[in-house]
Amino acid sequence: MLHFAQFGAGRIGAIHAANLAASGRASLRHVVDIHAPAAEALAARHGARVSDTAAALADPEVGAVIIASSTDTHADLVIAAAQAGKAIFCEKPIDLSLARVDACLEAVAAAGVPMLVGFNRRFDPNFAELRRRIQAGAIGAVEQVVITSRDPGPPPVTYIKVSGGLFRDMTIHDFDMARWMLGEEPVEVYATGACLVDPAIAEAGDIDSAMIVMKTASGRMAHINNSRRAAYGYDQRVEVHGSGGRLIAGNRIGTTVEQADAIAVTSDKPLHFFLERYAEAYRIELSAFLDAIRDGTPMPVGAEDGRQALVLADAALRSMTEGRPVRLG
């Protein structure tokens, strides 16, 4: 039984805590959150105690941590957990600053502790099967990857102001997916964006709509399109085109019931948002983390993956700001 300390008792923290309890292989000992009522409620639900950071990390029974607190706390907690010798599960992004991310990677390497970055979409069964088929050669050599990722609606502007911007907050998942599907690192990024959903987002200095094109050294291409609005639900699709065919992973919908009548053929809308859409992915992600610790194998999504996604996010922001493609490396 692996004992955990968890930082963050919000909605994603609640998901991770529930998945820990359901795993039968781990227990939650400490919950740390600046919002006392949330920490107390989550701790009571799972038989844990409310603690501060120092107490949680000093507990010799704690072998691992989940960092699901606000982004601005991630780097300090990663470094502190590494120095305490704990295995680390950190939600994305590690930090909004590449320099701070590098400091985290140095601390993790120096301590020799395993670290997983929470790019949960890699663990979605449909996306995972799509990549498995790519690797099995089902469509030959990959030539193009097209990723659509649209939220049902924008978050509050108060969140936008501290999020780090659309590329570092939302598109960072898609950058990771693009790297994963392409099988090569992008060397050129071109991005364009606009504010089409809410003028308040522009006033906060961000965009709510974007398109990004990336190219690898061999010429493989990826296109990402994002929007903070999709009137029909949470839109999450991936298409991969190769020399011998194509693969598509579509949206998950409420039911598979399709109605056909004299007026139209209709089906359910996509699931509403990420909590529903990726519920299974979150369970599999945590299980993979526990497996890697148990078996002493590399984490399926490591700290370096977190760094590379941020490199692409920074390049996209620079490309949009300067109105030109940005070369990497």
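The values are calculated or read from the model by the stated rules, or taken from the named source; none is laboratory data. Nothing here was measured: the structure is a model prediction, and the numbers come from that model. As a convention, Cβ positions derive from the backbone with ideal geometry for all residues, glycine included, and neighbour counts pool all protein chains shown. To get the accessible areas, we keep the full protein, side chains included, count just its heavy atoms, and leave off ligands, DNA and RNA. Shrake-Rupley method; radii C 1.70, N 1.55, O 1.52, S 1.80 Å.
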Next on the checklist: Need one word for the range 208-329: rounded, prolate or oblate. Basis is the Cα gyration tensor (sqrt eigenvalues a ≥ b ≥ c); a/c below 1.5 gives rounded, then a/b vs b/c decides.
Outcome noted: oblate
Checklist entry - Accessible area, 1.4 Å probe, largest first: how do S97, S243, S209 sort? => result S243, S97, S209
Checklist entry - So how exposed is V146, as accessible area in Å² (1.4 Å probe, rounded to 10)? => result 50 Å²
Item to check | Sequence-distant aspartates and glutamates (8 or more away, or on other chains) whose Cα lies within less than 16 Å of K269 | outcome: D151, D235, E258
Checklist entry - Reachable lysines from K161, Cα under 24 Å, same-chain residues fewer than 8 places away excluded? => result K92
Item to check | Cα shape, the range 98-172, gyration tensor, a/c 1.5 rule | outcome: oblate
Item to check | For the range 271-326 and the range 1-32, distance of Cα centres in Å | outcome: 20 Å
Item to check | For D208, distant residues with modelled amide H under 5 Å away | outcome: A194, C195, L196, V197
Checklist outcome for this item: Residue separation between D102 and A200 times 0.36 nm, minus their alpha-carbon distance, gives in nm 32.0 nm
Item to check | Spin-label model distance (nm) - R318 vs T255, 7 Å beyond Cα toward Cβ | outcome: 5.2 nm
Item to check | With DNA, RNA and ligands ignored, accessible area of H241 (1.4 Å probe; Å², nearest 10) | outcome: 70 Å²
Item to check | List E185, E91, ordered by accessible area with a 1.4 Å probe, largest first | outcome: E185, E91
Checklist entry - How far is helix 11-23 tilted, in degrees, relative to the longest principal axis of the Cα atoms in the chain, given as a value from 0 to 90 rounded to the nearest 10? => result 70 degrees
Item to check | Label-to-label distance, nm, for residues given as Q135 and A262 (7 Å Cα→Cβ offset) | outcome: 5.3 nm
Checklist entry - Given a 1.4 Å probe and the protein chains all in place, what does the accessible area of T256 round to, in Å² to the nearest 10? => result 130 Å²
Checklist entry - From the backbone phi of the range 164-173, what are the Karplus-calculated ³J(HN,Hα) couplings (6.51 cos²θ - 1.76 cosθ + 1.60, θ = phi - 60°) in whole Hz, Gly and Pro given as x? => result x, x, 4, 5, 7, 9, 9, 5, 4, 4
Checklist entry - So what is the 222 nm mean residue ellipticity for the chain from helices alone, if each DSSP H run of at least 4 adds -39500 (n - 2.57) and you divide by all residues, rounding to the nearest 500 deg cm²/dmol? => result -12000 deg cm²/dmol
